[in-house]
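Novice: Below: one structure in structure tokens.
None of the figures in this text is laboratory data; all of them are computed from the coordinates on show. Values in this document were obtained by computation on a predicted structure and should not be read as measured data. Because the Cβ atoms are built from the backbone with ideal geometry, glycine has one as well, and the counts that use them run over all protein chains shown.
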Amino acid sequence: MATGEGACAFSRVWQRYRSHVVALFVSLTITALIVIFRRELADLAGYGYVGVFLISLLGNATVILPVPSLAVVFAGGSVLNPLLVGVVAGLGEPLGELTGYMAGYGGSAVVEQRERFQQVQEWMEQRGFLTILVLSAIPNPLFDLAGISAGMLHYPVTKFLVACWIGKTAKAIAIAYLGSGLFGAVAPWFG
């Protein structure tokens, strides 16, 4: 009888947390694959706008170890149209950030910086859209905490993506133009 009750209790718990477990598993799997194949990802930069999109998407999909996707945006702005590089990266980056959101939604995200996380979570509770917008518009390590917090708070994913898209597109355009201007100013010196 006890075995049947235990199985029934497990079934109720599984039904309740199944989507959380799946979200966390997908997030961690994507992060692991990106870390394992990081050298192959660097080769994508040679594919122009498609490469910028893919590296931006995959670079922002890592929750634990960052992939320097902004370096590709910076360099891409020097050889491609910087506005288009920024827009393309701005489309890929928010999609990649869904892994952090899913890890938070799964409720099992490991957050090492508890104090910072609590501060970001307070910001998210007070002004979620603005928090995501501002933190996504500037390069900083706090955005992953905002994505995790948004997921934990079950912040609407469409609002998360829109705020993230606006901020990340503005940042990517600025960095692509910075790359364009810097390489444009230095290129004549190197022939």
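Novice: Could you compute the FRET efficiency for residue 119 and residue 81, with r as their C-beta to C-beta distance and R0 at 35 Å, rounded to 0.05?
Specialist: Rounded to the nearest 0.05, the efficiency is 0.35.
Novice: How large is ³J(HN,Hα) for each residue in the range 79-93, as worked out from phi by the Karplus curve 6.51 cos²θ - 1.76 cosθ + 1.60 (θ = phi - 60°), to whole Hz, x for Gly and Pro?
Specialist: 10, 10, 5, x, 5, 5, 4, x, 5, 5, 5, x, 7, x, 4
Novice: Report the extension gain between residue 174 and residue 5 in nm, rounded to one decimal, defined as 0.36 nm multiplied by the number of residues separating them, less their alpha carbon distance.
Specialist: Going from the current span to full extension adds 54.9 nm.
Novice: Could you check the simple spin-label distance between residue 49 and residue 126, using points 7 Å along Cα→Cβ, in nm with one decimal?
Specialist: Inter-label distance under the simple model: 4.1 nm.
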